[in-house]
Every structure is written in structure tokens, then in C-alpha cells.
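All remarks here apply to the structure that follows.
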Amino acid sequence: YTTEKGDKVDEMIADYFESHDCPVPIQKLSDGYYMFGTKKVYAKIMNGQLVFRVGGGYMAINEFIEAYGQSEYDKIEARRAKGIDPFDESLRSRSASGSPGR
């Protein structure tokens, strides 16, 4: 993962992915918004910790990866097995996890 210099959220995501084994790719879409596998997510720093928006709250990155990593990996592999590009934008999940916090 290549970070965008000066973007603290992006830098923290890059640090996490460089130091942890996660087979699910993450890609920056815009400030705070990322594709984690096939799932669009919102990330921010809260109390010095990187968190992802989930439902009405937030999860620390390690909890988020633990909760969603395997299912995202399985989705990617299932699409590949069917000969479908797992990252085709027309297939992207519409489940963005709410609006960004204030």
C-alpha cells in the first residue's frame, strides 16, 4: 500500500497494512473513504486511534479486520472462481458505513 503523504489517516492505514498480514487489499477513494476488498468504508482518527465506521459507531482497525477480513477475502475469491473481476466498480457494495463524523 502506498500512502498519501500528509494524510494521517492514510499513513496510519499504510502502517497497519505494512505490519500486519491482511490478504484483503485496501484502496483510497477520497479523503477518509476506502475500498476494503469489495466494501466501501469510512476511516478516521478518533482519540489517536484509527477507526472505521460500522453501523452507528466505530471499530478499531484491528477489530474491523478481524470482523470483516475473512468475509471480504471469501467474496474476492468467489468472484475470481467465477471468472469475475472482484474489483469491478459496477459490483462494488453500496454499503458505505454511514456519513462521515463531524
Exercise for review: List every residue pair whose Cβ atoms sit under 9 Å apart, with the two residues 6 or more apart in sequence or on different chains, where the first one lies in the range 62-82 and is more than 20 Å from Y42 (Cα to Cα) and the second, anywhere, is part of a helix (DSSP H, G or I).
Suggested key: R79/L91
Study note, to complete from the structure: Within the range 44-78, of all residues that are of a type in the set (A, V, I, L, M, F, W, C), over 16 Å from Y16 (Cβ atoms) and in a helix (DSSP H, G or I), the one nearest to the chain's Cα centre (by Cα) is I76
Exercise for review: Test A14 against the criterion of being in contact with a Phe, Trp or Tyr (Cβ under 6 Å, 6 or more places away or on another chain), surrounded by 17 or more Cβ atoms within 10 Å (Cβ to Cβ) and modelled with pLDDT of 95 or more, and give yes or no.
Suggested key: no
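May I ask you to list the residues in the range 86-99 that are in contact with a Lys or Arg (Cβ under 7 Å, 6 or more places away or on another chain) and either at pLDDT 80 or above or surrounded by 12 or more Cβ atoms within 10 Å (Cβ to Cβ) (or both)? Steps first, answer last, please.
Filtering the range 86-99 for residues in contact with a Lys or Arg (Cβ under 7 Å, 6 or more places away or on another chain) gives 86, 92-93, 95-98.
Answer for the range 86-99, where residues must be in contact with a Lys or Arg (Cβ under 7 Å, 6 or more places away or on another chain) and either at pLDDT 80 or above or surrounded by 12 or more Cβ atoms within 10 Å (Cβ to Cβ) (or both): P86, R92, S93, A96, S97, G98.
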Practice item. For Y16, indicate whether it is outside any strand (DSSP E or B), in contact with a helix residue (DSSP H, G or I) (Cβ under 7 Å, 6 or more places away or on another chain) and either of a type in the set (F, W, Y) or farther than 19 Å from T2 by Cα (or both). Key: yes
Review point. When you go through (1) surrounded by 15 or more Cβ atoms within 10 Å (Cβ to Cβ); (2) out of contact with any Pro (no Cβ under 8 Å at 6 or more places or on another chain); (3) modelled with pLDDT of 75 or more one by one for S71, which number turns out not to apply?
Key: (1)
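The values are calculated or read from the model by the stated rules, or taken from the named source; none is laboratory data. Because the structure is predicted, anything quoted here is derived from the model rather than measured. Please note: Cβ atoms are built from the backbone with ideal geometry, for glycine as well, and neighbour counts cover all protein chains shown.
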